[in-house]
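Below is one structure, written out as structure tokens, with a few remarks after it.
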Amino acid sequence: MLKVDNINVFYGVIHAIKNVSLEVKEGEIVSLIGANGAGKTSTLQAISGMLKPKSGSVSFMGEDLNKVESYDILKMGMAHVPEGRRVFAGMSVKENLEMGAYTRKDQNEINDNLERVFMRFPRLLERKKQLAGTLSGGEQQMLAIGRAIMSNPKMLLLDEPSMGLSPLLVKEIFSIIKELNESGMTILLVEQNAKKALSISNRAYVLETGKIVLEGDAKELMENDAVKKAYLGG
Amino acid sequence: MEFIQQVINGLQLGSIYALVALGYTMVYGIIKLINFAHGEIIMVGAYIALTSVSFLVQMGLPIWLCVFVAVVFCAILGILTERIAYRPLRNSPRLTSLITAIGISFLLQNAFMLIYSPTPKPFPKMVTAAPITVGSLQISMSALLTIVISIVIMLVLQIFIQKNRLGKAMRAVSEDYGAAQLMGININHTISLTFAIGSGLAAVAAIFYCMSYPLVEYTMGTMLGLKAFVAAVLGGIGVIPGAMIGGLVLGIVESLTKAYISTQLADAVTFGVLIVVLIFRPAGIMGKNTKEKV
Ligand SMILES: Nc1ncnc2c1ncn2[C@@H]1O[C@H](COP(=O)(O)OP(=O)(O)OP(=O)(O)O)[C@@H](O)[C@H]1O
Ligand SMILES: [Mg+2]
């Protein structure tokens with residue numbers, strides 16, 4: 001479904017992503033793990049068009065994303081929940097969700113999706129009119145995910161959805177990710193919380209200073225000594 | 001009565017400031033640029049309206065149609081300046097685009113001086129209806145039109161920004177344009193739309209201005225633009241209702257100062273008000289006093 005082929009990303013002279021290739025098949029949850037600064041966010045941004053890789057290609061459902069305008073990528077069915085949530089702070093919860101459906105024209109469909117999001121996140125319903133900037137971190141994360149699924153995407157990129165959340169909320173967010181996957185969404189997940197991420201994933205890639213150093217079945221990686229030592233706390 | 005008369009004069013002038021201030025504030029909101037060329041759009045609007053009047057007369061059409069010609073021309077000019085001058089600099093340091101804006105300002109002034117000569121040109125009278133008398137109060141038709149139409153325009157704009165899909169996209173882009181792009185919003189189109197609206201409003205302001213000061217010259221946009229900028233800052237730059245309030249407050253202060261203190265001091269008082277307000281409310285009357293959240 002998603003194929004990343006040998007991409008390179010530079011920030012000025014910093015070579016942040018070095019020949020990264022990865023693949024996500026339809027229906028999978030694939031996670032991308034790695035230390036701070038390894039290049040996880042940059043990889044997701046290069047996939048969703050937030051930045052253009054210097055070389056290499058990204059293709060989504062057989063189409064070369066290099067030839068697609070960044071703002072059209074969502075229309076093709078790929079949504080991205082960016083690092084740090086980035087909800088529109090000065091807009092209400094409902095308006096944020098509506099922005100998620102910006103590319104959708106059918107008002108009935110939008111209303112259905114809105115209802116579905118509110119069903120999944122009842123807390124957002126209670127705070128429908130509240131400004132997003134005044135939500136708690138966990139609520140903002142729910143809003144960011146809710147906003148991304150307002151467009152009925154086929155694929156969801158998630159950048160550290162558990163960052164800064166209490167253990168209880170982390171659990172909730174991971175079970176939501178699993179549910180979304182079961183409802184048919186393909187997922188590429190970036191996480192610091194490698195243990196949790198691996199436990200819900202089919203496959204995973206390990207990124208180190210801009211390079212993929214390991215890849216494989218999530219269960220096997222959980223047993224891998226190097227992975228255990230570096231990312232699973234022994 | 002004299003006092004109310006002065007307040008009405010102030011509202012008239014303030015409506016003009018407010019329309020221009022909206023352009024500053026909307027552009028600032030979306031690309032964080034103080035568009036110093038914005039004042040010149042008023043001047044361009046006035047010249048274009050003036051030129052179109054003679055064509056309209058030849059064709060036997062009513063001359064107030066010149067408003068539409070000016071609005072369309074200025075909207076296109078606004079889109080073009082952004083496209084040609086500011087867009088290539090979007091990721092450069094802010095100072096670079098600021099200096100570019102000043103450059104555009106001189107460019108427009110000089111171009112229009114060359115095209116129309118430096119001699120001021122009279123603007124034909126558009127409103128001939130007699131003033132309305134309420135008790136001992138006389139309200140000129142041009143004052144009434146300026147105030148009422150400006151308020152209607154501002155209300156429509158406010159509804160557009162709050163409720164319309166494109167209006168919401170403008171707000172989203174001004175909050176976070178990476179995230180807005182992820183929502184499928186075309187950032188460039190949204191910015192163009194912002195410039196078009198801001199410049200169109202400046203053209204409307206130009207015509208209202210010419211209704212009470214019927215003289216068109218190539219420097220006319222400078223002081224007017226500067227005061228409208230003060231109004232935008234006074235109201236809280238980047239905040240749309242702020243520009244409206246800031247414009248009206250500034251107009252009234254200026255008119256009352258002229259009437260009761262001194263005509264010569266009017267501009268000094270205007271800027272004095274700005275300084276005093278900013279001491280107590282650094283973000284302006286309606287500005288959000290929040291630190292940026294990371
Ligand atoms: N805008 C930028 N300008 C310069 N360097 C950048 C920029 N963004 C990222 N980098 C650098 O690129 C490298 C990869 O950053 P990236 O944000 O992709 O890492 P990450 O794996 O997501 O880290 P984290 O887990 O901390 O979020 C880092 O060394 C970072 O300093
Ligand atoms: Mg990151």
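The values are calculated or read from the model by the stated rules, or taken from the named source; none is laboratory data. As the structure is a computational prediction, the values presented were derived from the model and not from experiment. All Cβ positions, even for glycine, are placed from backbone atoms using ideal geometry, and neighbour counts span all protein chains on display. Ligands, DNA and RNA are excluded from the accessible area calculation, which covers all protein heavy atoms including side chains. Shrake-Rupley method; radii C 1.70, N 1.55, O 1.52, S 1.80 Å.
Worth a mention:
- Every listed requirement among (1) touching a residue at least 24 places away in the same chain (Cβ under 8 Å); (2) more than 14 Å from every other protein chain (Cβ to nearest Cβ); (3) open to solvent by 60 Å² or more (accessible area, probe 1.4 Å) is met by residue B:225 save one, (3).
- Matching option when the condition is within 12 Å of ligand 1 (Cβ to nearest atom), open to solvent by less than 30 Å² (accessible area, probe 1.4 Å) and within 13 Å of chain B (Cβ to nearest Cβ), among A:74, A:32, A:44: A:44
- In the stretch A:163-209, residue farthest from the chain's Cα centre (by Cα) [restricted to those that are of a type in the set (S, T, N, Q) and more than 16 Å from ligand 1 (Cβ to nearest atom)]: A:166
- For residue A:52: the one exception among (1) free of Cβ contacts under 8 Å to residues at least 40 places away in the same chain; (2) within 15 Å of ligand 1 (Cβ to nearest atom); (3) away from chain B (no Cβ under 14 Å): (3)
- Scoring residue A:15 on the criteria (1) within 16 Å of ligand 1 (Cβ to nearest atom); (2) open to solvent by 30 Å² or more (accessible area, probe 1.4 Å); (3) part of a loop (DSSP other than H, G, I, E, B) leaves a single failure, condition (3).
- Taken together, A:50, A:99, A:76 contain a single residue that is among the hydrophobic types (A, V, I, L, M, F, W, C), out of contact with any Cys (no Cβ under 6 Å at 6 or more places or on another chain) and over 30 Å from residue A:137 (Cβ atoms), which is A:76.
- Residues that are over 14 Å from the mean Cα position of the chain (by Cα) and among the charged types (D, E, K, R) within the stretch A:1-47 comprise A:3, A:5, A:18, A:23, A:25, A:26, listed in sequence order.
- Selection from the stretch A:163-193 of residues that are more than 14 Å from chain B (Cβ to nearest Cβ) and either in contact with a Ser or Thr (Cβ under 6 Å, 6 or more places away or on another chain) or within 16 Å of ligand 2 (Cβ to nearest atom) (or both): A:165, A:170, A:173, A:188, A:189, A:190, A:191, A:192, A:193
- Among the residues examined, residue A:98 qualifies as within 12 Å of chain B (Cβ to nearest Cβ) and in a helix (DSSP H, G or I).
- Residue, farthest from the other protein chains (Cβ to nearest Cβ), within the stretch A:118-162, restricted to residues that are within 16 Å of ligand 1 (Cβ to nearest atom) and under 13 Å from residue A:97 (Cα atoms): A:141
- Taken over the stretch A:55-71, the criterion of being more than 9 Å from chain B (Cβ to nearest Cβ) and either open to solvent by less than 40 Å² (accessible area, probe 1.4 Å) or in a strand (DSSP E or B) (or both) is satisfied by A:55, A:56, A:57, A:58, A:59, A:60, A:63, A:64, A:65, A:68.
- Pairs meeting the criteria (first residue in the stretch A:78-95 and more than 7 Å from chain B (Cβ to nearest Cβ), second residue among the basic types (Lys, Arg), beta carbons under 6 Å, at least 6 apart or on different chains) are A:92/A:129; A:93/A:127; A:93/A:128; A:94/A:128.
- Residues (open to solvent by 10 Å² or more (accessible area, probe 1.4 Å) and at the interface with chain A (Cβ under 7 Å from one of its Cβ atoms)) located in the stretch B:171-182: B:171, B:175, B:176, B:178, B:181, B:182
- If you go through the stretch B:145-170 and keep only what is without any contact (Cβ under 8 Å) to a residue 60 or more places away in the chain, within 14 Å of another protein chain (Cβ to nearest Cβ) and either touching a strand residue (DSSP E or B) at 6+ places or on another chain (Cβ under 8 Å) or assigned to a helix (DSSP H, G or I) (or both), you end up with B:162, B:163, B:165, B:166, B:167, B:168, B:169.
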